[in-house]
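The values are calculated or read from the model by the stated rules, or taken from the named source; none is laboratory data. Please read all numbers here as calculations on a predicted model, not as lab measurements. Here the Cβ positions follow ideal geometry from the backbone for every residue, glycine too, while neighbour counts run over all protein chains shown. The protein model used for the area step is the full one, side chains on, heavy atoms only, and it has no ligands, DNA or RNA in it. Shrake-Rupley method; radii C 1.70, N 1.55, O 1.52, S 1.80 Å.
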Protein chains: 2
Amino acid sequence: MLHVILLEAALELVPPELSAKKMVQKQAYRRKKKPNEILLDQTYHGQAMTQLNDGTRRGRPDIVFFCLQSLLETPLCKAGLMTVHIQLYDGRIIQVDAAVRIPRNYERFVGLMEQLLLVGQVPPEGAPLLKIQAPGLGELISSLRGSSKDSLALLAVEGGKHTGLNDLMSVLPSSLEAPVILGIGAFPHGGFQHDLQSLFDIQVELDYEVMMAWHVCSEVLWAYSLKHDVVSERYLLEQ
Amino acid sequence: MLHVILLEAALELVPPELSAKKMVQKQAYRRKKKPNEILLDQTYHGQAMTQLNDGTRRGRPDIVFFCLQSLLETPLCKAGLMTVHIQLYDGRIIQVDAAVRIPRNYERFVGLMEQLLLVGQVPPEGAPLLKIQAPGLGELISSLRGSSKDSLALLAVEGGKHTGLNDLMSVLPSSLEAPVILGIGAFPHGGFQHDLQSLFDIQVELDYEVMMAWHVCSEVLWAYSLKHDVVSERYLLEQ
């Protein structure tokens, strides 16, 4: 199984300190919502966000959007061999049902995330496709490792061990039973806020220039899919 | 080199037969544009599009959006080893400068595409990052093949040859000099409108369920990058 965790994601509702700002009020009014019910977004609140603590690494919900579109509905995902979690800026964790179909339209995605952050799960009643969980990152990683002795937790990070694609292929465990956990920051700039490196077995850098989080997701997903030749397995199962 | 061609893309301005529709007029008014200056989009014009010829396969600019976000700014792209073209619904072809940075915000992407389709290139003056070209698909593929005898043109299509990831790796030429051309439909439903199969050497199906166009782009991009271990090459060059 491949378990992807988007870390310290730049995904949150407008915080109280910005809710009185004119550009926030205006956008909220236009969308018929309260200021603290809309997503913080650098595209619309960039100017107000300059006054926000840690402002340059917040308010980029598009990063999560692209990561989810890159991961979900792939053959690996459809084969039931992948899970996805999103750690929020405030530390809470969203559990993503691998069967969820995220809207292609960004506005609709934003509406869905707003509902999730307000209510705690989507849909609000019944079995959730997206749900905010209580446990922290350490607990999540432990539970994903389970009892396997061959689990591997990779943290993709600038300054990590230089790792070409062949290196990545060699590092991945050859057994499909061994859980592989990929941690990747889902924010635009800078390092991690929290000391989470120790939760991972190795830190890897997958290119010598900064990579978009969704490219890292794709690279590891397709390398993992190739390692286990997931598509051929699916064709065999079909017969 | 890997050359990606997004085929018969569901990307166009609102056609004349829909420009008088109320929902189109309303959206155009809100955006301070004329109805025939805005992109056709199923999210907003779905109801009116039911009356449109071939309506179910048009008006999905998000497909091109996700494909470009999956391809551009990757290590392969930055290494100068990839080109991207987009064939429009009307047959014209957009040449994408591999150095272009497509806006992450969907609204801004839409504005950019509207300008491109109206003016013919973006930016309107000077060296274009995106440009509508005259030559047709056959001519484009010939020019991408160049004089190489080892070129390979793959068409990803439902009903093509079952091709697992290991099969894909074997099919890719081992020389970086041999042009690999990937054709992939960038529309939501159905087959190709035009008889373009004969322009390609082989037709491949990369999963037994329908794949999103951007997943096909990612799969081939990362398989190709692995085949030539592009990232390691980049680390070596850096030293």
Go through the stretch B:83-99 residue by residue and turn each phi into a ³J(HN,Hα) via Karplus (6.51, -1.76, 1.60, θ = phi - 60°); whole Hz please, and just put x for glycine and proline. 10, 9, 10, 10, 8, 7, 4, 8, x, 5, 10, 8, 9, 9, 5, 5, 8
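Taking a cut-off of 13 Å, what percent of all Cα-Cα pairs in the stretch B:3-71 are separated by more than that?
63 percent
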Candidate lysines - alpha carbon under 24 Å from A:K26, same-chain residues fewer than 8 apart omitted: A:K34, B:K26, B:K32, B:K33
Going by amide H atoms built from the backbone, whose H comes under 5 Å of the H on B:V204, apart from near neighbours? B:L155, B:A156, B:V157, B:K161
Roughly how large, in nm² to one decimal, is the mean projection of the convex hull of the alpha-carbon atoms in the stretch A:1-123? 7.5 nm²
How big is the Cα convex hull of the stretch B:82-239 in projection, averaged over all directions, in nm²? 11.3 nm²
Residues whose placed amide H lies under 5 Å from that of A:L129, excluding near-sequence neighbours: A:V122
Sites excluded, GluC sites (Glu not before Pro) in DSSP loops with at most 13 other C-beta within 10 Å, longest stretch of chain A: A:1-124
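Quick one, can you get me the convex hull of the C-alpha atoms of the protein assembly as shown expressed as volume per residue in Å³? Present the calculation step by step, with values, prior to reporting the outcome.
On the way: hull volume 80.6 nm³, N = 478.
Dividing the Cα hull volume of the protein assembly as shown by its residues yields 169 Å³.
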In nm, the gap between the two label points placed 7 Å beyond Cα toward Cβ at B:E125 and A:M23 is 2.8 nm
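Pop out the carbon and sulfur fraction of the accessible area of the protein assembly as shown as a percent, whole number, probe 1.4 Å.
Carbon plus sulfur share of accessible area: 50 percent.
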Amide H to amide H, which residues 5 or more places from B:H3 or on other chains are under 5 Å from it, using H placed in the peptide plane? B:T83, B:V180, B:I181, B:L182
Calculated from backbone phi, Karplus (6.51, -1.76, 1.60) coupling profile of the stretch B:113-120 in Hz, x at Gly/Pro: 5, 4, 4, 4, 6, 7, 9, x
In terms of solvent-accessible area of protein heavy atoms at a 1.4 angstrom probe, what is the ranking of A:H194, A:H85, highest value first? A:H194, A:H85
What number, in percent, do you get for the relative contact order of chain B if the mean sequence gap of Cα pairs under 8 Å and at least 6 apart is divided by its residue count? 26 percent
Percent antiparallel among DSSP beta bridges with both residues in chain A, to the nearest 5? 35 percent
Could you check what % of the DSSP bridge pairs in the protein assembly as shown are antiparallel, to the nearest 5? 35 percent
Over the Cα atoms of the stretch B:88-150 the radius of gyration and the largest Cα-Cα distance (Dmax), both in Å, equal 13.7, 43
Accessible-area ranking of B:F187, A:F65, largest first, probe 1.4 Å: B:F187, A:F65
